[in-house]
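Please read the structure below before turning to the comments.
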There are 4 protein chains.
Amino acid sequence: MFFGSDNQTGASDKVLANIATANNGHTHGYGDDDWTKRAHRLINETFECDARVFFVASGTAANSLALSCLVRPWETILSHHEAHVIIDESTAPEFFTGGARQISITNTAGKIDAKHLQRFLNQAGTDVPHNAKPAAVTLAQVNELGLVYQPDDLSRLKEVSQQHKLSIHMDGARFANAVSATQISPAKLTWQSGIDVLSLGATKCGCLAAEAVVFFDHALAEDFEHRRKRSGHLLSKGRLLASQFIAWLEDDHWLKLAAHANSQATRLAGALEKNPEIRLAWPCEANEIFAIMPKHTEQRLKKSGAEFYRWYSHGLPAHESLNDTEVLVRLVTSFNTQAEEVNEFIEVAAPR
Amino acid sequence: MFFGSDNQTGASDKVLANIATANNGHTHGYGDDDWTKRAHRLINETFECDARVFFVASGTAANSLALSCLVRPWETILSHHEAHVIIDESTAPEFFTGGARQISITNTAGKIDAKHLQRFLNQAGTDVPHNAKPAAVTLAQVNELGLVYQPDDLSRLKEVSQQHKLSIHMDGARFANAVSATQISPAKLTWQSGIDVLSLGATKCGCLAAEAVVFFDHALAEDFEHRRKRSGHLLSKGRLLASQFIAWLEDDHWLKLAAHANSQATRLAGALEKNPEIRLAWPCEANEIFAIMPKHTEQRLKKSGAEFYRWYSHGLPAHESLNDTEVLVRLVTSFNTQAEEVNEFIEVAAPR
Amino acid sequence: MFFGSDNQTGASDKVLANIATANNGHTHGYGDDDWTKRAHRLINETFECDARVFFVASGTAANSLALSCLVRPWETILSHHEAHVIIDESTAPEFFTGGARQISITNTAGKIDAKHLQRFLNQAGTDVPHNAKPAAVTLAQVNELGLVYQPDDLSRLKEVSQQHKLSIHMDGARFANAVSATQISPAKLTWQSGIDVLSLGATKCGCLAAEAVVFFDHALAEDFEHRRKRSGHLLSKGRLLASQFIAWLEDDHWLKLAAHANSQATRLAGALEKNPEIRLAWPCEANEIFAIMPKHTEQRLKKSGAEFYRWYSHGLPAHESLNDTEVLVRLVTSFNTQAEEVNEFIEVAAPR
Amino acid sequence: MFFGSDNQTGASDKVLANIATANNGHTHGYGDDDWTKRAHRLINETFECDARVFFVASGTAANSLALSCLVRPWETILSHHEAHVIIDESTAPEFFTGGARQISITNTAGKIDAKHLQRFLNQAGTDVPHNAKPAAVTLAQVNELGLVYQPDDLSRLKEVSQQHKLSIHMDGARFANAVSATQISPAKLTWQSGIDVLSLGATKCGCLAAEAVVFFDHALAEDFEHRRKRSGHLLSKGRLLASQFIAWLEDDHWLKLAAHANSQATRLAGALEKNPEIRLAWPCEANEIFAIMPKHTEQRLKKSGAEFYRWYSHGLPAHESLNDTEVLVRLVTSFNTQAEEVNEFIEVAAPR
């Protein structure tokens, strides 16, 4: 029963096979090869646009490199207080941006909304060079509490962002899950709703290590190749990354993988909601579940071999709190989650 | 009527005269001179200890250099949400620390207290290297809302800090005002209550440009001379800084200057409290006043030539808020504030 | 005919197969898995020691992360003037070290020798904090001119380094080729001859993307996990890297791959030396050849489809220079170089 | 007998008096005051142009802040091998530029000339993002070996620089001495000969701490105010710096101070040249003398109380070398050097 993270499984067979296919023969190094070109093309087709695309091997690299193109070192980046980029990526954004500041602007809400953003920006000092000016917002899609930003959410954020000259970055570590869950086009979920740069993560949903930074605004990408190189993220054998993306995107493979993960999560969440001892902290909108459960249930599940993590209590919504006998846990399903695992988890969690 | 800031006036006559005295003759460069040695000694006598002392010309430099000795680039610095170091010093701390993160941990309280700190630390993730670990607290004495940390406040903060292995930095831009206001010894207000490093600011209280970084813990100072040099803060003619400090500290000159500033503030605050149209957002504990006044009063004062600044509304205490006809303003007195200025301000502010 | 670089081919079949094997099942993320543990163990067995080992996906990352553990931001790193780390890795070392300085200390010699180093160090200013103090030497094995450092070379460098408190880093992008060429043990070529940290590169010799940073001195590794994480080089699916290393090291697979590359280079170099129109700038000691050839020969080879690069003229030894009709070219063989390619190259290069 | 450095004396009486004058009354902080405006205007009049001017308190800050506006972190800065900025300012340029690389491009020549530069640039790799591209040249006027760049020298450097899109920075720590020595206008010695940014140093020639960064090209100054603030170099009491510059520039005070320093150096150099035991390594063109003298003479001078420093042997010209009984020393005169000191030095240095 593996619900610890969607990065605890490997790559899909199709992705793996394409790494092997791409392994043959000679190519130029450092991404100057046909595999890479083809993968770039596929991404542009998928997003119905002409974006500038760059591959890297880790999500932290994708996020931080993207952000470093959006802000100057004396500016700030705004994020949700649970953002992976501010909680789980050390001080990578500070490192890559040369010391810009990361600020979290929410507290108990599940998503950044336009009002949060507006309120923060209205109060933020504008006395440069003394005050550090906000220059970018970053949000995750699916976000860190399992919620999906709808095009309307994004458009409203864009409106406020434009008034204050902020760029918007989307951390798409689980972007596939969002597309599958909403059945909204990749284009509509990104640039058509105001996203300037996307970290398109394939690792969590079927690849081994493959992330793309997708610049819908070419101007923002100007320095990217320098930043990627000097941070050691330009791989010499570029086909490793490209071959994964090709297999992942072709024939909607990525969406099929995501659909499986999402459907298992939906099923699991539905069952847990019916469990009288358990309540969900947030609605399950894709492949993550945040559940409040008794400690004894948590223990029983762990004993049965279930893998999952306790979550920070600051991940609770405003109206929720934990009593001494409860814990907040996060459950994540993957393309590789077995129906049997879900069944077993539901069963073990049932009240005794 | 100059109440904009205590940096809007010059140096005291005594300080100025000593710059001239120190100007004569030849010395070695870069602080390797007798003036500097004597100033170091005076600081140690003042603080009744054997601290390592370094001079720089600006408060931002003093604070950021001090902080860079307390945290590694993958750690975080905690401060009050109104801290000068997080609001008014651009991203200097990020720059000097090589990209550590600054986090504000309060919201509406006037001072950081041990409970704030404890609550934040209890919730902070400790899963390194993913989570960035808190490694230092910085607080200002007098703080940015005009409040003074008492030895008990500091000792309780120290206790929590030690449990979590945090160092404590004090931004003493108005340290003289705190000593004068409390009549507590410099030692008791710093190292005897757990402060590891102090930025001792003389600029705001009678000097032209003179700040000392005082390391009560020698080990923390290990890299300071490198950091100061490579950030351009080692002045070649070191006596400029040392001569100011000597004049400032000798014969309690600094405390006399601060006492004057404080007494004018006390008088002004007292009068404003009696003004039925005005209320103080925070008690006036040293030389800063935060007053909520009608906009028409603000206008009348400005028209009469009074200099002062509106303050961020997030500088209000929890129980306060502004209505549409009100503003929050900050008034600061200095060693050079004239009694007549105070009188005139009180008179013009009186209800019509 | 692919002689452009040993990164222009893919992975060996054995390595590729092991990626697939490791793909199965669930593991913990971020290198906390059995594959990674086993790969660490194998490296320690290979080097007959108890080193601390960290995996990353690129050579630039391995080198810069290693160097960032050896120097403080106000110190300098010394290298050969042709070092990959100073010529071909952008300003990655400056980025990772927080702004330490890279200095090249040779000019026309093929390797850094102890005398070069001694001379440079004797002249280097020691007036800290004004002068930036040398704190590390980095050298490549096989080096960028195709030469191999013998244990004696290294020991002499160590002696000088110790006198001046310098650490030594070895960029082992082609370390396999050096071991194969010299038939000297990995231990003897590294820690037994004074190397403190090794970047062990597997990518150029049979893997897709797999580099290890091997700290023979544990103390130097103290911050590595923080530095790797915040630079985005901690991969979530750690088995991708570990599985490559396991296949690569088991059964001396790495040495067999290197032996093939070296033998093809030796054969090619031997033939070129006999070509009256061509001379070698440097002896071919592993899998790189630096040849001075007529431009018309270069053109003929290119027309026949040979891939290779012109080299910087500052890659010439002191006694050599190019006339207007000559060029310096670099030829690199790989584990995948076909005997037929070598034959064809020799034939096309033959004088007409 | 103080010949150690021109920073070992204080400020001129006129400069000191103006600090006192400017001390009176209230002004806005952070350089938003009339003193600063007037000083900016004076600099523009002096240079017959409309430059953007910024004041800081140290030469290292001026140089590094200026350079940080000329290069991106993945580019390089070229300088003479004896440049103060590469020898005596720690790794400040790396710090301020976010990790650009400093490279010295000469060896034994006294000045960078256009041929040096051209040769280096012709050999420099241009394969971005792998190679770090040169983007700026920095040179000192008077330079670190006491030599003066003539307008022709500068124009030729400019020509080469423009071909390769390099900016030129001039470290004018001793710019006053150069103007006085050449009797060439400040404009002609800077922007009219291709200088983009000047660090105009007043500290070494009559001020206590006053440096101006003068951008002849406004576009390059775009980020300066942010960079100055976040590095702690924006002083709150801006009149301290401005008042020094005003007194220094008015009535050609700066040139009178420099003329005195230069004339004493000329006299001293002339006498030393006639001393049969001493020879000059470089012609004395302003206020620095590089003399090769017997160790016994050096000792005798030291015993008589003369202050001066031994210099690096890499400060010798190509045709010179030291034998075991000789040393290279640097002698610097200042605005405050007494004729008697020079006389005494000459006398004590005379062969016995």
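The values are calculated or read from the model by the stated rules, or taken from the named source; none is laboratory data. Source: prediction; values computed, not measured. Every residue, glycine among them, receives a Cβ derived from its backbone with ideal geometry; neighbour counts consider all protein chains shown. We work out accessible area using only protein heavy atoms, side chains counted, and drop any ligands, DNA or RNA first. Shrake-Rupley method; radii C 1.70, N 1.55, O 1.52, S 1.80 Å.
Pairs, please: C-beta under 9 Å, at least 6 apart or cross-chain, first residue buried (at least 19 other Cβ atoms within 10 Å of the Cβ) and in segment D:117-129, second among the acidic types (Asp, Glu) and assigned to a helix (DSSP H, G or I)? Here the result reads D:129/A:225, each pair linking segment D:117-129 to a residue that is among the acidic types (Asp, Glu) and assigned to a helix (DSSP H, G or I).
Here is a yes/no grid of residues against (1) part of a helix (DSSP H, G or I); (2) more than 14 Å from chain B (Cβ to nearest Cβ); (3) among the basic types (Lys, Arg):
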| position | (1), (2), (3) |
| --- | --- |
| D:225 | yes, no, no |
| D:228 | yes, no, yes |
| D:234 | no, no, no |
| D:264 | yes, yes, no |
| D:267 | yes, yes, yes |
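Considering only segment A:184-196, I want to know if a residue exists there that is without any contact (Cβ under 8 Å) to a residue 40 or more places away in the chain and either crowded, with 24+ Cβ neighbours inside 10 Å or away from every other protein chain (no Cβ under 14 Å) (or both). Yes: one or more hits.
Screening segment A:25-134 for helices (runs of 4 or more DSSP H) wholly inside it with 3 or more residues that are within 14 Å of chain C (Cβ to nearest Cβ) and under 16 Å from the mean Cα position of the chain (by Cα) returns the ranges A:59-68, A:84-87. Of the residues B:83, B:100, B:66, the single one that is of a type in the set (A, V, I, L, M, F, W, C) and closer than 24 Å to residue D:209 by Cβ is B:66. Only residues that are touching a residue at least 12 places away in the same chain (Cβ under 8 Å) and either of a type in the set (Phe, Trp, Tyr) or surrounded by fewer than 24 Cβ atoms within 10 Å (Cβ to Cβ) (or both) were counted in segment B:87-116, giving 15.
Within segment B:10-24, the set of residues being part of a helix (DSSP H, G or I) and surrounded by 15 or more Cβ atoms within 10 Å (Cβ to Cβ) comprises B:14, B:15, B:16, B:18, B:19, B:20, B:22. Just to be sure, is residue D:247 modelled with pLDDT of 95 or more, in contact with a His (Cβ under 7 Å, 6 or more places away or on another chain) and open to solvent by less than 40 Å² (accessible area, probe 1.4 Å)? The answer is yes for residue D:247. Residues considered: B:341, B:320. Of these, the only one that is outside any strand (DSSP E or B) and surrounded by 19 or more Cβ atoms within 10 Å (Cβ to Cβ) is B:341. Within segment D:68-84, no residue that is without any contact (Cβ under 8 Å) to a residue 12 or more places away in the chain sits with its Cβ atom under 8 Å from a residue that is buried (at least 21 other Cβ atoms within 10 Å of the Cβ) at 6+ positions apart or across chains. When only residues in segment A:269-301 that are touching a strand residue (DSSP E or B) at 6+ places or on another chain (Cβ under 7 Å) and assigned to a helix (DSSP H, G or I) count, which is most open to solvent (accessible area, probe 1.4 Å)? Checking each candidate, the answer is A:273.
Checked against the criterion of being facing another protein chain (nearest Cβ under 7 Å) and on the phi < 0 side of the Ramachandran plot, segment B:240-258 has at least one qualifying residue. Taken over segment C:207-235, residues that are surrounded by fewer than 24 Cβ atoms within 10 Å (Cβ to Cβ) and within 17 Å of residue A:241 (Cβ to Cβ) amount to 0. Restricting attention to segment C:151-190, the residues that are in a loop (DSSP other than H, G, I, E, B) and touching a helix residue (DSSP H, G or I) at 6+ places or on another chain (Cβ under 7 Å) total 7.
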